[in-house]
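Below is one structure, written out as structure tokens; comments come after it.
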Amino acid sequence: MYFSDAHEELRLHIRRFLEKEVQPHLDEWEETTFPDSIFRRFGELGFLGLRYPPEYGGQGGDYFSAVVLSEEMSKAGLGGLAMAVDVQSEMATPPVFRFGTEEQKQKWLVPAIRGEHIAALAITEPDAGSDVAGITTVARRDGDDFIVNGRKIFITSGARCQWALVVTKTDRERGHSGYNLFVIEKGTPGFSVTRTLKKLGMHSSDTAELLFEDCRVPAANLIGEEGEGFKHIMWELQGERMIAAAGAIAGAQRTFEYAMNYAQNRSAFGQPISQFQVIKHRLVDMGTKIAAVQAFVYQTARQWDQGEYPVREISQAKLLATQVAVEVADDAIQILGGHGYMQEFPVERAWRNARLARIGAGTDEIMKEIIAKTYGL
Amino acid sequence: MKIVVTVKQVPDPNSSHVLEADNTLGRDKEVVLDPGDECGIEEGLQLKEAHGGEVVLVSMGPERAKDAIRKGLSMGADRGILITDESLSGADAYLTARALAAAIKAEQADLVICGTESYDGSTGMVPPILAELLGLPQLTFAKKVEVDGSKVKVNRQTADGHMVLEATTPVLITVTAAIAEPRYASLKGIMAARSKEVKQLSLGDLGVESGERAETIESMADAEARKAGAVIEDDGTAVDQIVKFLADAKVL
């Protein structure tokens with residue numbers, strides 16, 4: 001209904017690539033984080049530009065090709081690496097593609113699609129995450145440059161990135177005006193990584209705090225129209241939430257299948273535990289929730305693919321899919337019992353990784369505020 | 001250089017197989033491009049990338065075998081030919097080779113690449129018969145191929161190393177899985193494959209008579225299940241028992 005046979009063929013190639021070249025290293029990368037070279041490999045195979053046009057090195061696919069990648073990464077348990085790939089292809093580069101000039105696209109989009117540049121997106125600050133209107137990173141014009149001052153936190157790929165798309169304001173006043181998005185390259189004087197952060201999950205990705213101190217950024221690095229950054233970043237967030245929903249529900253499906261298989265093979269009191277009604281019904285609830293949310297995620301992705309701007313549905317899909325992913329992972333831990341709590345079984349990692357998605361890209365609470373607004377509440 | 005690669009659609013190695021009443025494989029199961037052929041296609045593509053030319057995939061099978069050809073086209077092959085005909089159902093190696101030979105002859109290929117044997121039939125007879133029918137020298141069990149003008153040099157896999165063989169084009173080679181790691185198709189390649197030509201030919205188109213089968217499969221039997229080994233409890237004589245066991249097996 002949503003996927004053509006070309007999508008399914010792509011899915012098989014992605015799956016085989018992940019099985020062969022990524023999954024064998026995942027446990028190690030949980031300890032060490034993944035090497036930058038895996039991004040070049042993703043790039044070589046076209047997986048970082050599935051839906052960008054061929055003139056920028058992209059594959060010319062539709063939104064569902066990005067959904068296929070996101071699903072397969074979730075189903076293969078990529079965790080932090082999947083997040084970094086999504087940041088690259090579905091968060092940091094889309095504004096450059098949509099609002100950037102030809103020169104900017106050649107300079108930053110093309111190498112990101114090839115996997116030669118790793119990109120980050122810097123919105124959140126120590127004192128402003130959900131409250132995007134409350135950010136205080138300031139970019140003041142100075143001739144042909146902007147001087148950027150501020151601090152960004154929880155930035156995926158922040159330490160390893162070649163450039164970050166940074167959300168700034170012209171002054172510290174609250175409100176939606178004076179927002180500007182800049183590509184700021186690593187190595188620009190005044191741009192430093194102050195620390196990398198230890199997290200509950202997503203261990204294979206690096207998460208950093210960035211500091212901008214009188215960081216002089218050429219006006220040529222301004223992405224989109226001056227002062228229109230708020231609108232641009234709101235657009236970006238829709239894509240970010242959409243892909244988060246697609247990845248979350250695919251991850252839930254993987255965890256569900258694992259738990260179901262476990263329950264059918266684990267015996268207690270003389271029979272497979274899947275035959276106990278309490279376990280059986282729990283599995284049924286997990287599968288049913290996933291099926292319903294999956295259908296809604298696809299329906300919303302189709303709207304997004306067709307160029308609609310369905311803010312309510314995207315927020316609902318993100319809210320529900322990420323909640324269900326956490327619930328399913330929690331159920332799976334319960335079904336596995338002590339094994340579920342152990343690192344040698346995959347469900348505790350699934351829970352730790354899934355938990356982030358109810359916070360990142362807009363918390364549950366912010367999703368509800370947005371949805372409420374669309375109802376006129 | 002024009003390169004023909006023979007490809008076959010086979011039951012998915014990851015699914016269980018069902019035999020029909022006439023001992024042929026049931027094909028309503030999940031089917032895939034023969035994994036061995038993917039290696040042949042990869043080698044063909046690498047040779048084309050190095051020397052220019054065209055890679056043509058030739059297959060024989062039911063209409064759905066087009067999917068197997070399509071997969072090779074996604075990897076980058078240029079076009080495909082599918083020989084499909086009711087009367088080819090259950091074809092033996094000789095008829096298969098005659099049909100393939102008729103289609104390949106018309107292509108005037110410089111190089112014909114075949115897998116050593118198909119994953120399902122495993123007769124290993126089609127490539128040699130094909131070489132004979134086409135009047136081509138055959139370089140078999142190649143794990144490496146080098147082309148220099150009209151010279152084709154291969155390393156033939158042997159039990160304890162390899163031998164180097166050389167022939168002049170046109171030539172048929174059979175390749176082992178060690179020849180090349182098949183590439184992942186890109187989405188661009190997959191979409192481009194949708195508009196590549198796959199010509200469908202019947203035996204009539206090729207002027208081939210199906211004739212009597214030279215071979216039929218009389219029966220099939222499963223390999224004998226591995227017997228449980230002997231368990232030796234150590235009552236002080238275990239070492240002697242094990243030594244005797246190894247001596248009886250003539251490994252000592």
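The values are calculated or read from the model by the stated rules, or taken from the named source; none is laboratory data. Just so we're clear, the structure is a prediction, and the values are computed from it rather than from any experiment. We place every Cβ from the backbone using ideal geometry, glycine too, and count neighbours over all the protein chains shown.
Summary table below
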read-out: Residues being exposed (fewer than 10 other Cβ atoms within 10 Å of the Cβ) and among the polar types (S, T, N, Q) - total across the stretch B:222-252; value: 0
read-out: Enumeration of residues in the stretch B:164-185 that are in a loop (DSSP other than H, G, I, E, B) and free of Cβ contacts under 8 Å to residues at least 12 places away in the same chain; value: B:Tyr184
read-out: Boolean, A:Phe3 is within 26 Å of A:Trp108 (Cβ to Cβ), out of contact with any His (no Cβ under 7 Å at 6 or more places or on another chain) and within 14 Å of another protein chain (Cβ to nearest Cβ); value: no
read-out: Residue in the stretch A:136-153 that is among the hydroxyl-bearing types (Ser, Thr, Tyr) and in a strand (DSSP E or B) present; value: no
read-out: Criterion: buried (at least 18 other Cβ atoms within 10 Å of the Cβ) and more than 14 Å from chain A (Cβ to nearest Cβ) - qualifying residue of B:Val164, B:Val145; value: B:Val145
read-out: Some residue of the stretch B:90-109 being under 12 Å from B:Val5 (Cα atoms), at pLDDT 95 or above, touching a Ser or Thr at 6+ places or on another chain (Cβ under 8 Å) and not in a helix (DSSP H, G or I); value: no
read-out: Any chance B:Gln241 is free of Cβ contacts under 8 Å to residues at least 24 places away in the same chain and either assigned to a loop (DSSP other than H, G, I, E, B) or not aliphatic (A, V, I, L, M) (or both); value: yes
read-out: Flag for A:Gln303 being among the polar types (S, T, N, Q), out of contact with any Leu (no Cβ under 8 Å at 6 or more places or on another chain), at negative phi and surrounded by fewer than 20 Cβ atoms within 10 Å (Cβ to Cβ); value: yes
read-out: Pick from the stretch A:127-154, criterion within 26 Å of A:Met83 (Cα to Cα) and at pLDDT 95 or above, ranking: surrounded by the fewest Cβ atoms within 10 Å (Cβ to Cβ); value: A:Arg151
read-out: Any chance A:Ala120 is away from every other protein chain (no Cβ under 14 Å), in contact with a Ser or Thr (Cβ under 6 Å, 6 or more places away or on another chain) and not in a helix (DSSP H, G or I); value: yes
read-out: Test for B:Ser118: is it without any contact (Cβ under 8 Å) to a residue 12 or more places away in the chain and closer than 22 Å to B:Gly90 by Cβ; value: no
read-out: Pair list, Cβ under 9 Å, 6 or more apart: the stretch B:2-19 residue at pLDDT 95 or above, other residue surrounded by fewer than 11 Cβ atoms within 10 Å (Cβ to Cβ); value: B:Lys2/B:Gln108
read-out: Criterion: away from chain A (no Cβ under 14 Å) and surrounded by fewer than 24 Cβ atoms within 10 Å (Cβ to Cβ) - qualifying residue of B:Asp67, B:Asp78; value: B:Asp78
read-out: Candidate set from the stretch B:110-147 (those that are among the acidic types (Asp, Glu) and modelled with pLDDT of 95 or more); member that is farthest from B:Asp160 (Cα to Cα); value: B:Asp110
read-out: Members of the stretch A:16-38 found to be within 14 Å of chain B (Cβ to nearest Cβ) and more than 19 Å from the chain's Cα centre (by Cα), listed by number; value: A:Arg16, A:Phe17, A:Glu19, A:Lys20, A:Glu21
read-out: Pairs where the first residue, in the stretch A:20-47, is over 12 Å from A:Ser205 (Cβ atoms) and without any contact (Cβ under 8 Å) to a residue 40 or more places away in the chain and the second is outside any helix (DSSP H, G or I) and of a type in the set (Ser, Thr, Tyr), C-beta under 6 Å, 6+ apart; value: A:Leu45/B:Tyr184; A:Gly46/B:Ser186
read-out: Selected residue [among the polar types (S, T, N, Q), within 28 Å of A:Tyr262 (Cβ to Cβ) and surrounded by fewer than 17 Cβ atoms within 10 Å (Cβ to Cβ)] from A:Gln323, A:Gln334; value: A:Gln334
read-out: Any hit, the stretch B:111-130, residues being surrounded by fewer than 20 Cβ atoms within 10 Å (Cβ to Cβ), of a type in the set (Asp, Glu) and under 23 Å from B:Ala65 (Cβ atoms); value: yes
read-out: Hits in the stretch A:51-75 (condition: within 14 Å of chain B (Cβ to nearest Cβ) and surrounded by fewer than 21 Cβ atoms within 10 Å (Cβ to Cβ)); value: A:Pro53, A:Pro54, A:Glu55, A:Tyr56, A:Gly57, A:Gly60, A:Asp62
read-out: For B:Lys196: the one exception among (1) outside any helix (DSSP H, G or I); (2) away from chain A (no Cβ under 14 Å); (3) surrounded by 12 or more Cβ atoms within 10 Å (Cβ to Cβ); value: (2)
read-out: Some residue of the stretch A:39-48 being surrounded by fewer than 23 Cβ atoms within 10 Å (Cβ to Cβ) and more than 14 Å from every other protein chain (Cβ to nearest Cβ); value: yes
